[in-house]
Amino acid sequence: MEKTWNNNAWFMVLPVLVLVAFSAVIPLMTVVNYSVQDTFGNNEFFWAGTDWFQDVLESDRFWDALTRNLIFSAIILAIEIPLGIVIALNMPKKGIGVPICLVLMALPLLIPWNVVGTIWQVFGRVDIGLLGRTLAALGINYNYVQNPIDAWVTLIVMDVWHWTSLVVLLCYAGLVSIPDAYYQAAKIDGASRWSVFRYIQLPKMKRVLLIAFLLRFMDSFMIYTEPFVVTGGGPGNSTTFLSIDLVKMAIGQFDLGPAAALSIIYFLIILLLSWIFYTVMTTSDAKG
Amino acid sequence: MARINLEHIRHAYGAKPKSEADYALKEVHHEWNDGGAYALLGPSGCGKTTLLNIISGLINPSEGQILFDGTDVTHLATQHRNIAQVFQFPVIYDTMTVYDNLAFPLRNRHVPEAEVDRRVKEIIEMIGLGGWAKKTARGLTADQKQKISLGRGLVRSDVSAILFDEPLTVIDPEMKWVLRSQIKRLHKRFGFTMVYVTHDQTEALTFADKVVVMYDGQIVQIGTPAELFERPSHTFVGYFIGSPGMNVLPAKIDGATAAVGGESIALGFRPKIKAGATTELGIRPEFISLGREGMPVAITKVEDIGRHKVVRARFADRPISIIVDEDGEIPAEPHVTFDRQAINIYADSWRVGEEA
């Protein structure tokens, strides 16, 4: 069969092409451009090759921040995914409870990141915050400004509060798509509550869970605003994640070359990990 | 294996039914024999699935009781009733293999693994999925999946009853025959009580010893296929069973004669009719003969459907259908005679018997 070539089609995709070029490709290329050059201002650039990449990869600062990122994401996923599933399983399936639950669940998602940060920053303060004062009154020594563990706990609880809803909503969407006949058949087959979950609900939620997992991984790995607002990366460097480090480097120190190299490494790590997760999860899906 | 008693069962989906019309299932009071094969036949929305789900315990009836072998199970949960049910659309456990799917109901009941293996292997051969035992159920075709659903129902040998909710809807016509005869054979062999919901009359008639015809939330007749054909107790049964359905003509009954339009037809008996009832005469197309003698009709259309012809005609200004043999002659001035034995008289849609 002869293919019809119609060059007018290019005009149709042109707007998207332009949009993507300006929003993604060109900025990314600019970063690439910075990462291989050195500048002392005045728009003068010198070729630097892979020096900046070597610098970044050899610095403890990078590896420490990366480790923090990985630990943070692992904790976030380990809490939010199971918690989201449990909440979704216990949400009402019909009646007036459904819209109420859905709205309640959606609320944290509607709040801008920096506002979430501010809320928790104030909430946890030992002098005026509700949480900080309550814990102090209970005799618990809690201070996220001075104690790294407390800072981490605050960030994790905040992220769980903010984002578990997303997992819940995705899982809930997967659950309500299961026809009643499955539950009825399971009853007739004498399946236990656990079997129903293991053999009906979990397989049906698998696809949405994959999406939830990827979204939560990428988002938590790129976290910036909330720790920036709450802890500013401290105490010390204990909550300095890659993103925070990157901003310090680029804007604080104006080290554009290393910052650009770090950006690219950061980007590639996220891309690589997401690809690994996706491949692992979809191949296990195909094998069943 | 169990005898099933339905004691004054009624069901409404709304919380507080006010009138008769609020009931999806109007009063049902019947006994179904141990080991019987029953088909629940009726159009969509007549309450047949509701009745089935009441038997399986997926629905609690608003009123009445259900007894298995004399034991009240009305409030017993589905898993404790020892019944199997096959649904309209295949329900399979995607992540399990075909073998594990079939073993699932047995393993849940802690049947010893050797027994599980024996039964599963038997069923897997029977449903023709022998070579697929180790495959995951996900990649199968719709009718293979439905066979697994069927298999999961059949694998438990000790069930009180197996309930089928239009299980062959998604199966190809050819495969339908195979599966239907397999189910029949199993029924003969194991003798479980079987309830089969369908809206396909051929399926119901070929499959069941007793056909339960439902219409508008009630059971209008329970009978053998022959009874349903010859003596439909409600005009609905007449319409619904048979192809084409029974001719039902408004008639005035006077003693042992019925007047349809201008024609008067002699009946073999004196129907017992209450004053003021709307009366009708029912005659199946098979029992009308077309010839030169009798009452005049005007033929509007002849449909040749292979083994016989269906003649559509107007009789006493009403449409009727007549079945004529393939080589039967259609005269130029057609007349009809009704087989007297095959005439049924209906008062307010219900068949009436002879006056005592």
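The values are calculated or read from the model by the stated rules, or taken from the named source; none is laboratory data. Only a predicted model underlies this, so the values are computations on that prediction, with no experimental measurement involved. We place every Cβ from the backbone using ideal geometry, glycine too, and count neighbours over all the protein chains shown. The accessibility values were calculated without ligands, DNA or RNA, using every heavy atom of the protein model including side chains. Shrake-Rupley method; radii C 1.70, N 1.55, O 1.52, S 1.80 Å.
Heavy atoms only, probe 1.4 angstrom, no DNA, RNA or ligands counted: give me A:ILE76, A:ILE26 ranked by accessible area, highest first.
Numbers: A:ILE76 0, A:ILE26 80 Å².
Solvent-accessible surface, decreasing: A:ILE26, A:ILE76.
Past the 21 Å Cα-Cα mark, which pairs from B:LYS121/B:LYS147; B:LYS26/B:LYS176; B:LYS188/B:LYS210; A:LYS187/B:LYS147; B:LYS121/B:LYS145? Numbers along the way, then the final one.
Working: B:LYS121/B:LYS147 14 Å; B:LYS26/B:LYS176 32 Å; B:LYS188/B:LYS210 15 Å; A:LYS187/B:LYS147 19 Å; B:LYS121/B:LYS145 17 Å.
The pairs that break the limit, which is 21 Å between Cα atoms, are B:LYS26/B:LYS176.
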Taking max minus min of the Cα coordinates of the stretch B:1-156 on each principal axis, largest first, gives extents in Å of 54, 31, 26
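Please state the charge dipole magnitude for the protein assembly as shown, taken about the Cα centre, from unit charges on C-beta atoms (+1 on K and R, -1 on D and E), reported in debye and rounded to the nearest 20. Let's see the in-between values first.
On the way: 57 positive and 64 negative charges, 215 e Å.
I would put it at about 1040 debye.
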Rounded to whole angstroms and listed largest first, the alpha-carbon spread of chain B along its three principal axes comes to 74, 49, 32
Cα-based Rg/(2.2 N^0.38 Å) for the stretch B:30-122, rounded to two decimals, is 1.30
Computed over the stretch B:308-356, the distribution of all Cα-Cα distances in 5 Å bins, rounded to whole %, is 5, 13, 20, 24, 17, 9, 9, 3, 1
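With a cut-off of 8 Å between alpha carbons and a minimum separation of six or more residues, what is the relative contact order of the stretch B:1-160 in percent?
Reported relative contact order: 24 percent.
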Averaged over all viewing directions, the convex hull of the alpha carbons in the stretch A:100-210 casts a projected area in nm² of 10.0
Measuring from the longest principal axis of the C-alpha atoms of chain B, the long axis of helix B:142-154 (C-alpha) lies at a number of degrees, nearest 10, equal to 80
Taking only C-alpha positions in the stretch B:167-267, Rg and Dmax in angstrom work out to 17.7, 57
In degrees, nearest 10, the alpha-carbon axis of helix B:173-190 is tilted away from the dominant principal axis of the alpha carbons of chain B by 70
Under the Karplus relation with 6.51, -1.76 and 1.60 and θ = phi - 60°, whole-Hz ³J(HN,Hα) for the stretch B:345-350, x at Gly and Pro, equal 10, 10, 10, 6, 6, 9
Cα extents of the stretch A:1-104 along the principal axes, largest first, in whole Å, come to 65, 58, 35
Of B:GLY306, B:GLY238, B:GLY291, the most mobile residue in a GNM of chain B (C-alpha springs, cutoff 10 Å) is B:GLY306
Expressed as a whole-number percentage, the relative contact order of the stretch A:11-55 with C-alpha contacts under 8 angstrom and at least six residues apart is 25
Percent antiparallel among DSSP beta bridges confined to the protein assembly as shown, rounded to 5, stands at 75
With label points set 7 Å from each Cα along the Cα-to-Cβ direction at B:ALA142 and B:VAL178, the distance between them in nm comes to 1.7
For the stretch A:167-288, the convex hull over Cα atoms projects on average to an area in nm² of 10.3
Scalar couplings 3J(HN,Hα) for the stretch A:70-75 by Karplus 6.51 cos²θ - 1.76 cosθ + 1.60 (θ = phi - 60°), nearest whole Hz, x for Gly and Pro, are 5, 5, 4, 4, 4, 5
For B:GLU303, placing the label point 7 angstrom along Cα-to-beta-carbon and taking the stretch B:315-356, residues whose amide nitrogen sits under 14 Å are B:320-324
Calc'd 3J(HN,Hα), the stretch A:12-26, phi into Karplus 6.51 cos²θ - 1.76 cosθ + 1.60 (θ = phi - 60°), Hz, glycine/Pro = x, comes to 5, 8, 4, x, 5, 4, 5, 4, 5, 4, 6, 8, 10, 5, 5
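In percent, what relative contact order does chain A have, based on Cα pairs under 8 Å that are 6 or more apart in sequence?
Working: 273 pairs, mean separation 77.8, N = 288.
It rounds to 27 percent for chain A.
Which order do B:ARG10, B:ARG270 take by accessible area at a 1.4 Å probe, largest first? Write out the running numbers ahead of the final one.
Values: B:ARG10 45, B:ARG270 130 Å².
Greatest to least solvent exposure: B:ARG270, B:ARG10.
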Rounded to the nearest Å, the spacing of the alpha-carbon centers of the stretch A:67-127 and the stretch A:155-184 is 11
Put A:MET105, A:MET12 in order of accessible area, largest first, probe 1.4 Å, and you get A:MET12, A:MET105
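Counting Lys and Arg as +1 and Asp and Glu as -1, each charge on the Cβ, what is the dipole of the stretch B:147-255 about the Cα centre in debye, to the nearest 20? Show your work: numbers first, answer last.
Working: 12 positive and 12 negative charges, 103 e Å.
Here the size comes out at about 500 debye.
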Compactness summary of the stretch B:186-336: radius of gyration and Dmax from Cα atoms, Å, are 18.0, 57
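Please compute the per residue accessible area over the stretch A:12-143 with all protein chains in place, 1.4 Å probe, rounded to a whole number of Å². Intermediate results must be reported in sequence, preceding the final value.
Details: 8500 Å² over 132 residues.
On a per-residue basis, the stretch A:12-143 sits at 64 Å².
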Expressed to one decimal in nm², the mean projection of the alpha carbon convex hull of chain A is 24.7
per DSSP, antiparallel bridges as share of beta bridges in chain B, % nearest 5, sits at 75
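Between Rg and the Kirkwood Rh of the protein assembly as shown, both from Cα atoms, what is the Rg to Rh ratio?
On the way: Rg = 37.1 Å, Rh = 31.7 Å.
Looking at the protein assembly as shown, the ratio lands at 1.17.
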Gyration tensor (Cα only) of the stretch A:218-267 to equivalent ellipsoid, semi-axes in Å sorted down, yields 18, 14, 8
Expressed in square angstrom to the nearest 10, the accessible area of B:HIS30 with a 1.4 Å probe stands at 60
Binned at 5 Å starting from 0, the alpha-carbon pair-distance distribution of the stretch A:28-159 in whole percents comes out as 2, 8, 10, 12, 12, 13, 12, 10, 8, 6, 4, 2, 1, 0
Mean-square fluctuation maximum in Gaussian network of chain A, Cα pairs under 10 Å, restricted to A:VAL230, A:VAL247, A:VAL103, hits A:VAL103
For the protein assembly as shown, whose charge dipole is built from +1 on Lys and Arg Cβ atoms and -1 on Asp and Glu Cβ atoms, the candidate among B:TRP132, A:LEU57, A:TRP47 with its Cα farthest towards the positive end is B:TRP132
Mean-square fluctuation maximum in Gaussian network of chain A, Cα pairs under 10 Å, restricted to A:TRP120, A:TRP163, A:TRP194, hits A:TRP194
Measuring from the longest principal axis of the C-alpha atoms of chain B, the long axis of helix B:113-126 (C-alpha) lies at a number of degrees, nearest 10, equal to 40
Here the gain from full extension of A:TRP275 to A:ASP64, 0.36 nm per residue of separation minus their alpha-carbon distance, amounts to 73.6 nm
